[in-house]
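Note sheet for the following structure.
The values are calculated or read from the model by the stated rules, or taken from the named source; none is laboratory data. The model shown is predicted, which means the values in this text are computed figures rather than measured ones. Cβ placement follows ideal geometry from the backbone for every residue including glycine, while neighbour counts extend to all protein chains displayed. Accessible surface is based on the protein model in full, side chains and every heavy atom, while ligands, DNA and RNA are left aside. Shrake-Rupley method; radii C 1.70, N 1.55, O 1.52, S 1.80 Å.
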Amino acid sequence: MSVLEGAIIYSNLLVLLSIGLTITYITTAVPNFAQGSFAVFGSYISLTLLRIYGIHPYHSIPVAFVFGGLLGISVYLFILKPLIKREAEIVILMIATLALDLILLGVLGAYSDYLASVTKKGAKKFIFTPYDFNIANLSAIFVVSILVITFILACLFLLLYKTKFGVALRASMENPALAEIMGVNVEYTRIFSWFLSGSLAAIAGCLLPFRQEIVPLTGSIIIVSIFAASIVGGLASIYGALLGGYIIGISESFITYQLSTVLGSGVLVYSKVVSLIVLIITLILAPQGLTGVRWRKIKWFKSILSST
Amino acid sequence: MVQEYLILDIVIWFGLYLIVCLSLNIEYGFGGIPNFGRALAVLIGAIAVGGIINRILMIAFGITGGIVEASGTVKSVANEVIAANPVVGIGILIATLLIAMIFGAITGALFILPSAKLSEDYLAITLLAISEVMFMVSYYNTDMIGGYYGVSVPNVLAFVPGEQRLMVFAGLIILIALLVYLVVIRITNSPYGRLLKAMRENEQVVEAYGKNVMTIRIKTVAVGSAIAAIAGALYSFYSVNVIASSFSRVEWTFYPFLMILLGGLANNKGVIAGVFAFVTVKILLIVYKYEITAALHLPFEAVWLEYIMFGILMLVILVYKPEGLIKEKSIMTEPIKKLAKAKK
């Protein structure tokens, strides 16, 4: 697997995760700190299917999709909705998702012990690379991750722009109060967004073990990258998640690798530092993210500079 | 004998967590600053011990070499010196606490600067990210505090006989925690405490009265981080080694939030109640983990149960008892107390 190939695979998965984070932020205004653990949840679903039923991880994507979505919905209905009803502040909602992250960590850790005792094979640390194969000189995960992301983006586009439900969804993201007056059930759009967030994260989690080792704690490590991706793109825009996912994904793996050829291999462990630096630069220059910048204004500014 | 250790363990963790929670309560409870990066300040305290004091002692004793190996030599040499001369040990302890506080205050002041441009949620994410990345760097970089190898730390109480060390240490930590408590009460029961609450409720009003919100934030987080760094330094001296992995987000950011929400926000007595309840449960869970796993026939390690339990406890507090065990009261400064008396 070449470095660029790895960077693109990672970026594809990061895009899935940051789209999920962004869509729930848009509908419920909660930055979900458990998004990383949602992914690890998906990883354990595919591990279970592989170890117990011998199903190849690529075939477990639909199962992960469904279960991830159910996890997302139950998080919204049982944890966030009661708090939102009480008009809890945003920081309280964020603390609730931190608590959820801890619960998921505990559940996944306990489950990994349980799975190990059932299958007599360690489950606290695993990787799927031995199960991968090649398709025309490219690793299968490269092809699969590109197919998955293209398929999901196409579906999302059709759903949001070509269906009545999509129009209602976009309306309630844009202005929930107005959408409600026009007869849109905002509650449905929230539930749907949490379903989507959980299911996309689970798919990403299904594929992530092909690129890196998974431990129950992986979620709280990748959350930094997910947030960086969403914020760099702009937390208020789905396109932002797409853009930010690739920027952070590429800079974290590809740029870090390039740096390591100059500065020595010791740099490799600091890939998260690179995404943090990108995050902080964005926050200073454009707190609303790249999609929040009014590019036309800047171009206009430039044209004045060039004409004088 | 087991009971004695159990009580000392509870006392030590009560003291350490009390210091951290008091600092977080100033920032979040009173000031409303969502500091999701509390663990960073505690880590800074540990760096003051493992990274700075160790290096100073290396120079003082003329020891050379990498920090990981040299710290072992420093430890054995320093322990002999301290055993012969208790003043040196106490001196090192006080010097370290001062260094930890200074570095804590500086990092705290720098750490909060992004808040000038960010709303609450973005700020919380940024602080968490900075803290998490610093945690990773100090774990992977072996030159700072030994990374995943960790470094040894001199026993500042080497003059105390081995069997009494734990008891003396517990006393020391409780004494320092008490001092911190008294200082924090003075800080918060003052016009400054009222200003913090005003900032929490409405920043625009505070600005309209001619106060600079950014200055208040920088001061508050600097003070908070200085206090939290004390806990990091004390913990490192207590465990006689420093390893970055003991300063995780769960232990030093999430649990402190849980304790202050359990006790009641903006309420120093509430913090005591919250910390005591939490620490007792946590230590009992750790001490009796094998008994618990066996009795409940758990097919997994008890640490996962701890995470699940405390996560659920947090959600229960947030949903059913957001005001905590002890409710917030208004601040009684001396002039207000006089006014209240006159009214009666």
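Tallying residues that are closer than 9 Å to B:Met259 by Cα, open to solvent by 30 Å² or more (accessible area, probe 1.4 Å) and touching a residue at least 60 places away in the same chain (Cβ under 8 Å) within region B:273-295 yields 1. With respect to the conditions (1) assigned to a helix (DSSP H, G or I); (2) buried (at least 16 other Cβ atoms within 10 Å of the Cβ), B:Gly324 lacks only one, and its number is (1). Taking region B:140-151, which residues are surrounded by fewer than 23 Cβ atoms within 10 Å (Cβ to Cβ), modelled with pLDDT of 90 or more and not in a loop (DSSP other than H, G, I, E, B)? Across region B:140-151, there are no qualifying residues. Can you tell me how many residues within region B:1-54 are surrounded by fewer than 24 Cβ atoms within 10 Å (Cβ to Cβ) and either charged (D, E, K, R) or not in a helix (DSSP H, G or I) (or both)? Residues flagged as surrounded by fewer than 24 Cβ atoms within 10 Å (Cβ to Cβ) and either charged (D, E, K, R) or not in a helix (DSSP H, G or I) (or both) within region B:1-54 amount to 5. Take region A:225-252 and flag every residue that is at pLDDT 90 or above, β-branched (Val, Ile, Thr) and under 13 Å from the mean Cα position of the chain (by Cα). Of everything in region A:225-252, those that are at pLDDT 90 or above, β-branched (Val, Ile, Thr) and under 13 Å from the mean Cα position of the chain (by Cα) turn out to be A:Ile226, A:Ile231, A:Ile248. Just one of (1) open to solvent by less than 10 Å² (accessible area, probe 1.4 Å); (2) within 11 Å of another protein chain (Cβ to nearest Cβ); (3) outside any helix (DSSP H, G or I) fails for B:Ala266. It is (2).
Taken together, the residues in region B:152-171 that are surrounded by fewer than 19 Cβ atoms within 10 Å (Cβ to Cβ) and assigned to a helix (DSSP H, G or I) amount to 8.
Among the candidates A:Leu98, A:Leu49, the residue that is within 21 Å of A:Ile221 (Cα to Cα) and of a type outside the set (S, T, N, Q) is uniquely A:Leu98.
Does region A:111-145 hold any residues that are outside any loop (DSSP other than H, G, I, E, B), without any contact (Cβ under 8 Å) to a residue 60 or more places away in the chain and more than 14 Å from chain B (Cβ to nearest Cβ), and which are they? A:Pro130, A:Asn134, A:Ile135, A:Val143, listed by residue number. Checked against (1) over 21 Å from B:Ser239 (Cα atoms); (2) open to solvent by 40 Å² or more (accessible area, probe 1.4 Å), B:Ile125 passes all but a single condition, namely (2).
Out of curiosity, is B:Ile312 hydrophobic (A, V, I, L, M, F, W, C), within 8 Å of another protein chain (Cβ to nearest Cβ) and surrounded by fewer than 16 Cβ atoms within 10 Å (Cβ to Cβ)? For B:Ile312, the condition - hydrophobic (A, V, I, L, M, F, W, C), within 8 Å of another protein chain (Cβ to nearest Cβ) and surrounded by fewer than 16 Cβ atoms within 10 Å (Cβ to Cβ) - is met. All conditions in (1) out of contact with any Gly (no Cβ under 8 Å at 6 or more places or on another chain); (2) within 13 Å of chain A (Cβ to nearest Cβ) hold for B:Leu261, with the sole exception of (1). Selection of region B:199-215 for residues being open to solvent by 10 Å² or more (accessible area, probe 1.4 Å) and assigned to a helix (DSSP H, G or I) yields B:Arg200, B:Glu201, B:Glu203, B:Gln204, B:Val205, B:Glu207, B:Ala208, B:Met214, B:Thr215. Consider B:Ser248 carefully, then state whether it is away from every other protein chain (no Cβ under 14 Å), of a type in the set (S, T, N, Q) and under 16 Å from the mean Cα position of the chain (by Cα). No; evaluated as a whole, the condition is false for this residue. Of the residues B:Ile317, B:Ile308, B:Ile272, B:Ile331, the single one that is closer than 26 Å to B:Lys197 by Cα and touching a Gly at 6+ places or on another chain (Cβ under 6 Å) is B:Ile331.
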